[in-house]
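**Student:** Have a look at this one.
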Amino acid sequence: MSETREAEQPVTAVSAGSAHHRRTWGDLPTVLRRGIVLVALLGAWQLSTLFMTGAQAQLMRGPLEVGEAIVDGFARGDLVDATLTTLRILLLSMAIGIVVAALLTTFAMWSKLGDDILNLLTAMINPLPAIALLPLAMIWIGLNTTALVVIIANAVIWPLAINVSTGFRTVNPTLLAVGRNIGLSGWRLVRGVYLPAALPHIVSGIKTGWAFGWRTIIAAELVFGVAGEGGGLGYFINYARFFNRTEDMFAGIVTIMIIGIAFDLLFSLLERKTVIKWGMKTA
Amino acid sequence: MTTNTSHAGSTQSASGAGTPLLSVQHAKIGYVVNRETHVAVGDVSFEVRQGEKIMLLGPSGCGKSTLLKAVAGFLGLFDGQIRLAGRETLKPGPDRAVVFQEFDQLFPWKTVRDNIVHPQRVIGRARSEAERRSDEYLELMKLTQAADRYPHQLSGGMKQRVAIARALALDPMILLMDEPFGALDAQTRSRLQRELIDVAARTNVTLLFVTHSIQEAVYVGDRVVVLGNAPSTVQEVVDVSALDDPSTLEFTSTQEHLRSLLAIDDDELGNLAFE
Amino acid sequence: MRIFRQTPGRPRTAPGVAVAGVVALALTGCGTGSGSGDGGEAADCSDGPAKEITIAHQPGLGYAPLLIAKQQKTLEKRFPDTEITWRELDSGAAIRDGMIAGDIQVGSGGIAPFLVGYDTEVGWKIVTGLEKMNLQLMTKDPSIKSLKDLRGKGKIAMPGPDSIQSVVLRKAAEEQLGDAKALDSQIVAMGHPDGRQALASGQLAAHLTSPPFQGQEKADGARSIANSYDVFGEHTFNSAFTMSSFEACNSQFVSALAGAVTESNRLINNKPAEAAKLLSEEFADEPAKEIEKDLTADDVEFDTTPVGFGTFAGFMKEIGLIREVPESSDLFFDNKNTAGGN
């Protein structure tokens, strides 16, 4: 095995050095490749707006105008407010979702009945897009932030609970034995072994919960109109639609994309600093 | 160190000196699976004295690991008693630190050093003291270079070294080892066997060591408790304290003797690993 | 319950398709872009007058002049070769989206959405005013006696944050609360019928609406705590509008539309009972007697002259809903109905 590898290495080195004609798109660094594609797409987008006139031009904005609208929106403050409103409601809902998921998981770990209940509820509720409950929540709770929070917390709870309980259930029994051997039990065993050992599942649960919550809140704000004490990003888009401000609709959409990407990066970073660094999850 | 030397010379005669550190009396142990009881250990009694290295040897499924788990406190007894320094053991505890066979017994989220420091903190040692001892055992187990690595960056042999260092740093009354070298390649295994003998001599640790390797039992141990098929009983306790050179005739003949003991109980010789 | 209705099948795919096309062009390396520019600025009437025309209105008696023309088939008789479709949509924004997309040729609605569209260069103008109506802010909550009590109390429904009702609310808020945006966060977008239901079921603190809904709500036990005439004076509520490019190719139809509205208004003013009977076909849950009462109410006047656009535009500019106050004369097609409008 090692002999084969040694025999191969020099060959690869030679071919990479000499055969410049073999350098293809795939040989470029990923960042460069993606950067070129991004610039090309933005260029195509900008170009497409040049050919539009009349009604079409009403419906389309190029990346430069959209960039300007984002800068304006942040300078004016209403895009900032919308972003903060959405994030505040989402984070509150996620916090509630995490607490409820933790309780459900504890109950599920603690008794077989709890486990059955969690599994059944998840199987029933998880496939239902959370936004489908919005009309009902509005009738039950009213046209206020609480209805939104309930809907989004609901979107977060189930993927989180099922991930965390899977994580707890699949903790390596040897690690648990080591934990008990050094004298851990009860809550100290949960904190010292269960939680860190289940971290890959917990992080992926939070990731999925966030993704569900993020999609749900934007959709809910679009339907809901003003949410509580000020509209979020979904409302920002809808508001722009009412006032025929196409560039602001694009600005809202792009802001949503950017925040989505930012959170994905944040979670990736979190994973790289923890579970990937610890070899508990492959990159 | 001195105690160890005296053991090597005096063998069984030391039994008269005081109470044993660990005593297993008429232990009957098993599992309940689907409301059916499976007795693995039928009726086993033996004693371990301070500083002694006791090997539990037996065919697969004879319940030697089960017995070790009971000593560690992970399993209850159907019958009998296990006493450590005169006190009955009912719960797991760091006075009986365990080294498992599995490589993934280290906390993957902690560095090698923290894997050794953290359990000491759990048992209430001050940080500075825990760190000092951790450095000591890192050096003893030749791990200083790897101290800041995470377990997934280590080889199997290194991981088992860390597990031994972690257990020793707790100053256990007895170190329990459940086939710790069973998953290693032959070369690494014999190197770790030598290192274990060396470290045991330097730390004067008492050892209860489960193995299915006759060579390992004779080479590492002072006495070998030979168990039969499940539900197992003690077939014989063989003194191997003087045997540490596998090339000697005495070593080979003791191996032969153990082999014949196990063969009586197990027709399927293939189950046994002869080294 | 729907908070607001999305226009069914809005063909917003056009730019998407265009992007895909251009991306494809760019990627294959040929940039000879023969831009597909239809519906350009300069009207191209080579195809002759439109063969299919959709006229859109919103729910309510404010559209009575159009609905009577619909019932009497005035336009259908005059243009037998043109297929005329009538559509009811819930908000001015929905009608505007339909007009930009080319689904709707004639729209109608309140002053504010029209001005927003004009300001964002949709390219439309007023054909005729429909009527003048006083819009009422209705509440059922006995503890709410003025706008001050309404603040922070719950949702206030109206067709949209761009609707004429929203401008009325803001003007009232500016006058009574000192801050035009004081109630903005309480605005929720609902079509009038949904709003009436939501007010009845207690989901709303207030509903700023129009006849006949404000009358129905009054019958249900609601009261008016503010109205549009108090803040803006007498003003046109709804008007009918169309794209300049459409008018250029269909001037006959557009002047016929203006004439039809004048005729309807004459009927309403001279024979309100007859008009009410025709309209009762359109308002299933409203008896003709009630409709007649609404048509002849004091603060309702069926007059085609568009009034109040300048006043509304001034205020809307002031609070940032539009960028510029247009010249009133630029807002109207030149005809008998719009003569003297402001």
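The values are calculated or read from the model by the stated rules, or taken from the named source; none is laboratory data. The model shown is predicted, which means the values in this text are computed figures rather than measured ones. Neighbour counts are summed over all protein chains in view; Cβ atoms, including those assigned to glycine, are modelled from backbone coordinates with ideal geometry. Note: accessible area is taken over every heavy atom of the protein model, side chains too, but ligands, DNA and RNA are not part of it. Shrake-Rupley method; radii C 1.70, N 1.55, O 1.52, S 1.80 Å.
**Student:** For the protein assembly as shown, report the accessible area per residue in Å² (1.4 Å probe, heavy atoms, rounded to an integer). Before the final figure, lay out each step's value.
**Tutor:** Details: 40200 Å² over 900 residues.
With the other protein chains kept in place, the protein assembly as shown gives 45 Å² per residue.
**Student:** Report, ordered by chain and residue number, the lysines lying within cross-link reach of residue C:125, taken as a straight Cα distance under 20 Å and ignoring same-chain residues fewer than 8 apart.
**Tutor:** The reachable lysines, counting only those whose Cα sits under 20 Å from residue C:125, are C:317, C:336.
**Student:** A further question on this structure: If the label point is 7 Å along Cα→Cβ of residue C:78, which residues in the stretch C:314-342 have backbone nitrogen under 13 Å from it?
**Tutor:** Output list for this probe position: C:336-337.
**Student:** Still on this model: From Cα pairs below 8 angstrom and at least 6 apart in sequence, can you work out the relative contact order of chain C, rounded to a whole percent?
**Tutor:** Relative contact order for chain C comes out at 24 percent.
**Student:** Moving to a separate point now. Compute the distance in nm between two label points, each set 7 Å from the Cα along the Cα-to-Cβ direction, one at residue A:92 and one at residue C:256.
**Tutor:** With each label point 7 Å from Cα toward Cβ, the separation is 5.7 nm.
**Student:** Residues of the stretch A:56-71 losing 30 Å² or more of accessible area relative to the isolated chain, 1.4 Å probe, heavy atoms only?
**Tutor:** Buried-area filter returns A:56, A:58, A:59, A:60.
**Student:** Then there is this: Name the shape class, rounded, prolate or oblate, that the alpha-carbon gyration tensor gives for the stretch B:139-275, where a ≥ b ≥ c are the square roots of its eigenvalues, rounded holds for a/c under 1.5, and otherwise prolate holds if a/b is larger than b/c and oblate otherwise.
**Tutor:** prolate
**Student:** Calculate how steeply helix B:127-140 sits against the longest principal axis of the alpha-carbon atoms of chain B, using the helix alpha-carbon long axis, and give the answer as 0 to 90 degrees to the nearest 10.
**Tutor:** It works out to around 60 degrees.
**Student:** Tell me, what is the FRET efficiency for residue B:144 and residue B:104 to the nearest 0.05, using R0 = 30 angstrom and their Cβ-Cβ distance as r?
**Tutor:** Working: r = 23 Å, r/R0 = 0.76.
About 0.85, to the nearest 0.05.
**Student:** Chain pair C, A: how much accessible area is buried, both chains summed, with a 1.4 Å probe, in Å² to 100?
**Tutor:** For chain C against chain A, roughly 3400 Å² becomes buried.
**Student:** Take every residue in peptide C:109-118, count the Cβ atoms of other chains within 10 Å of its Cβ, and give the average of those counts. Mind showing how you got there, number by number?
**Tutor:** Working: counts 0, 0, 0, 2, 3, 0, 0, 4, 3, 1.
Neighbouring Cβ atoms belonging to other protein chains average 1 per residue here.
**Student:** Taking Cα pairs under 8 Å and at least six residues apart, what relative contact order does the stretch B:109-171 come out at, in percent? Numbers along the way, then the final one.
**Tutor:** Details: 61 pairs, mean separation 30.9, N = 63.
Computed value for the stretch B:109-171: 49 percent relative contact order.
**Student:** Right, another one. Among B:151, B:70, B:118, which residue has its Cα positioned farthest towards the positive end of the charge dipole of the stretch B:64-187, with +1 placed on the Cβ of Lys and Arg, -1 on the Cβ of Asp and Glu, and the dipole taken about the Cα centre?
**Tutor:** Of the candidates, B:118 comes out farthest on the positive side.
**Student:** Ok, one more. Can you tell me the order of B:121-130, C:271-280 when each peptide is scored by its average per-residue count of other Cβ atoms within 10 angstrom, highest first?
**Tutor:** C:271-280, B:121-130
**Student:** Could you tell me which of rounded, prolate or oblate describes the protein assembly as shown, using a ≥ b ≥ c as the square roots of the eigenvalues of the alpha-carbon gyration tensor, with rounded for a/c under 1.5 and, failing that, prolate when a/b is larger than b/c and oblate otherwise? Walk me through the numbers on the way to the answer.
**Tutor:** Working: a/c = 3.93, a/b = 2.68, b/c = 1.47.
Prolate.
**Student:** Would you please state which residues of the stretch A:245-275 a label at residue B:152 would reach in this model, taking the label point 7 Å out along Cα→Cβ and a backbone N cut-off of under 12 Å?
**Tutor:** Zone members listed by number: A:271-275.
**Student:** When the expected Rg is taken as 2.2 N^0.38 Å, what fraction or multiple of it is the alpha-carbon Rg of the stretch B:157-216?
**Tutor:** Rounded to two decimals, the normalised Rg is 1.05.
**Student:** Relative to a virtual label point 7 Å from the Cα of residue A:80 in the Cα→beta-carbon direction, which members of the stretch A:232-276 show backbone nitrogen distances below 11 Å?
**Tutor:** none
**Student:** Take the Cβ-Cβ distance between residue A:185 and residue A:31 as r, set R0 to 51 Å, and report the resulting FRET efficiency rounded to the nearest 0.05. Present the calculation step by step, with values, prior to reporting the outcome.
**Tutor:** Numbers: r = 49 Å, r/R0 = 0.96.
The formula returns an efficiency of 0.55 here.
**Student:** Averaged across the residues of B:159-168, what count of C-beta atoms belonging to other chains lies within 10 Å of each residue's C-beta?
**Tutor:** Working: counts 0, 0, 0, 0, 1, 0, 0, 2, 3, 0.
Average neighbour count from other chains, rounded to a whole number: 1.
**Student:** Run the reach check for residue C:145 against lysines, Cα to Cα strictly under 17 Å, same-chain hits fewer than 8 apart removed. What comes back?
**Tutor:** Cα-Cα hits under 17 Å: C:153, C:155, C:218.
**Student:** OK, next. Calculate the mean, over all residues of peptide A:43-51, of how many other protein chain Cβ atoms lie within 10 angstrom of the residue's Cβ.
**Tutor:** That works out to 6 on average.
**Student:** On to the next question. I want to check the label-to-label distance for residue A:50 and residue B:204. Put each point 7 Å from Cα in the C-beta direction and report it in nm to one decimal.
**Tutor:** So the two model labels end up 8.9 nm from each other.
**Student:** With label points built 7 Å along Cα→Cβ from the Cα atoms of residue C:230 and residue A:106, find their separation and express it in nm.
**Tutor:** 5.4
**Student:** Also, I was wondering about something else. Going through the stretch C:280-329, which GluC sites (Glu not before Pro) have at most 13 other Cβ atoms within 10 Å and a DSSP loop state?
**Tutor:** Qualifying residues, ordered by number: C:281, C:324, C:327.
**Student:** Nearest 0.05, what FRET efficiency do residue A:258 and residue C:285 give at R0 = 30 Å with Cβ-Cβ as r?
**Tutor:** Working: r = 48 Å, r/R0 = 1.60.
About 0.05, to the nearest 0.05.
**Student:** Under the rule a/c < 1.5 gives rounded, and otherwise a/b versus b/c splits prolate from oblate, where does the stretch C:242-306 land using the Cα gyration tensor?
**Tutor:** It is prolate, given that a/c is not under 1.5 and a/b is the larger ratio.
**Student:** Now for a separate question. Highest first, please rank the peptides A:158-169, A:31-42 by the mean number of other Cβ atoms sitting within 10 Å of their residues. Each step should come with its number before you reach the end.
**Tutor:** Numbers: A:158-169: 22.8, A:31-42: 11.5.
The densest-packed peptide leads the list: A:158-169, A:31-42.
**Student:** Quick one: net charge around residue A:66, please, counting Lys, Arg +1 and Asp, Glu -1 for every other residue with C-beta under 14 Å from its C-beta. Working shown, then result.
**Tutor:** On the way: positive: A:61, A:245; negative: A:65, A:68, A:72, A:247, A:248.
Counting the neighbours of residue A:66, the net charge comes to -3.
**Student:** Would you mind telling me which residue in C:111, C:100, C:68 has the biggest mean-square fluctuation in a Gaussian network model of chain C, where springs connect alpha carbons within a distance under 10 angstrom?
**Tutor:** Greatest mean-square fluctuation among the candidates belongs to C:100.
**Student:** Output the Kirkwood hydrodynamic radius of chain A, Cα pairs only, in Å rounded to one decimal.
**Tutor:** 22.7
**Student:** I would also like to ask the following. Name the chymotrypsin sites (Phe, Trp or Tyr not before Pro) in the stretch C:84-123 that are in a loop by DSSP and that have at most 14 other C-beta atoms within 10 Å, would you? Write down the numbers at each step before the final one.
**Tutor:** Details: sites: C:86, C:114, C:118; in loops: none.
Listed in order of number, the matching sites amount to none.
**Student:** Within the stretch C:164-202, report the trypsin sites (Lys or Arg not before Pro) that DSSP leaves as loop and that have at most 15 other Cβ atoms within 10 Å.
**Tutor:** Sparse-neighbourhood loop trypsin sites (Lys or Arg not before Pro): C:181.
**Student:** Among the lysines in the stretch B:38-157, how many pairs, 8 or more places apart or on different chains, have alpha carbons under 24 Å apart?
**Tutor:** Final tally of qualifying lysine pairs is 7.
**Student:** A further question follows. Whenever you get a sec, compute what percent of the accessible area on the protein assembly as shown sits on carbon and sulfur atoms (1.4 Å probe).
**Tutor:** In the protein assembly as shown, the share of accessible area belonging to carbon and sulfur is 55 percent.
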